[in-house]
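In what follows, a structure is listed as structure tokens, so that the remarks can point back to it.
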Amino acid sequence: MGRREIWSDPQIQKMTSEFVCVIEETFFLFPPPSVARVPDPVATRLFRSYVEKAPSDLFPQNTSTYQGLYCLTADGGYLSGKFARQSREEARKVLRGGLKSWRAGIAARKGEVKEVPKNRLAMYGGAELRQGGLKLEVAYRDLPRGEIRRPGNAQFPNPYNMGWFDLGPREAAALATGEKAGEAIPPDLFRRLALTTLKDAVRGQMQDWRKEDLQSGELRVSLVGRSGDEERYEIDGEALLKRGSRSFAPAFHGHFSFDRAKGEFLAFEMVAAGQRTGRGPANGRATDLGPAPMGIALTLYRP
């Protein structure tokens, strides 16, 4: 539900200002019995309470995932909800229903509505920001196919998804080689970048590639200029990832700036673009097997 098709809607934005909005990994909110230790037991207990109090038809029988949009009270009470990914019209209905239930409950208890906290929240995923580290925002997008500028389907005509890639200070500094010629970044660093970010996650979810799926490739950086402590680099390279009918063969193009004295990145922009094929368990490609062009953009996150 956390797609821009939903949360870019002005009506939804206005209604969500009445809530404390939270995004969480649903697998750990209602984990299977095989998961002995969950990362946040308090959140799990809260969501289990919500499920127990929700209408019996809200979730399918024996579901393995509880992803969706849900409105609940601070003690896990049911207000409204919709299972799985929905349209923005359905999202509006859920939020309206949640507000109606909340106001009715307050009136019945003759309670007072407290102001929603306005605390500034971290607008990123992945690891915490680290001095000297590198946090990249990863955007997944289908590229134009001739006359079709924004490929998609009737419900989601503009597929666009987000992810994150994090490097610690030592790994991040390894990108700034100081070499003028095209110097390949360390193989282990390239492998992690390729396996975790170069996947077809435009329309849904996709697990990381396996180590053996990386058939070939490297990422090269070239020092193209200096100004004081600032070093400017250009990026190029290529990769081939393949497993069964699924594949992605991108070329890399980009640039970044690095402050040698501070050990910090000042700018970073890179695009991995090429042909993709096949489908995954939950990436929405059942009727779009390709080959078709896909682009992945990695840009420096700025708080």
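In the range 49-68, the count of residues that are surrounded by 13 or more Cβ atoms within 10 Å (Cβ to Cβ) and touching a Pro at 6+ places or on another chain (Cβ under 9 Å) is zero. Note on the range 213-237: residues that are of a type in the set (D, E, K, R) and without any contact (Cβ under 8 Å) to a residue 24 or more places away in the chain total 2. If you check Ala282, Ala251, Ala272 for being outside the structural domain of Ser64 (by TED's automatic domain parsing), within 18 Å of Arg220 (Cα to Cα) and touching a residue at least 24 places away in the same chain (Cβ under 8 Å), only one passes: Ala272. Scanning the range 32-55 for residues that are closer than 27 Å to Ile12 by Cβ, assigned to a loop (DSSP other than H, G, I, E, B) and without any contact (Cβ under 8 Å) to a residue 24 or more places away in the chain returns Asp40, Pro55. For the range 189-208, a tally of residues being of a type in the set (Asp, Glu) and either more than 10 Å from Tyr140 (Cβ to Cβ) or not assigned by TED's automatic domain parsing to the domain that holds Arg220 (or both) returns 1.
Taking the criterion of being part of a strand (DSSP E or B) and more than 18 Å from the chain's Cα centre (by Cα), the residues of the range 274-303 that qualify are Gly274, Gln275, Arg276, Thr277, Ala292, Pro293. The residue list Asp229, Asp236 contains one member that is closer than 18 Å to Ala297 by Cα and charged (D, E, K, R), which is Asp236. When the range 174-208 is filtered for residues that are closer than 28 Å to Val224 by Cα and part of a loop (DSSP other than H, G, I, E, B), the ones remaining, listed by number, are Ala174, Leu175, Ala176, Thr177, Gly178, Glu179, Lys180, Ala181, Gly182, Ile185, Pro186, Leu198. Can you say whether Asp229 is loosely packed, with under 15 Cβ neighbours inside 10 Å, among the charged types (D, E, K, R) and closer than 18 Å to Ala272 by Cβ, as far as the supplied structure shows? For Asp229, the condition - loosely packed, with under 15 Cβ neighbours inside 10 Å, among the charged types (D, E, K, R) and closer than 18 Å to Ala272 by Cβ - is not met. Inside the range 150-173, residues that are at pLDDT 85 or above and in a loop (DSSP other than H, G, I, E, B) make up a count of 1.
The values are calculated or read from the model by the stated rules, or taken from the named source; none is laboratory data. Just so it is clear, the model here is predicted, and its values are computed rather than measured. A quick note on method: Cβ atoms are made from the backbone with ideal geometry, for glycine too, and the neighbour counts reach across all protein chains shown.
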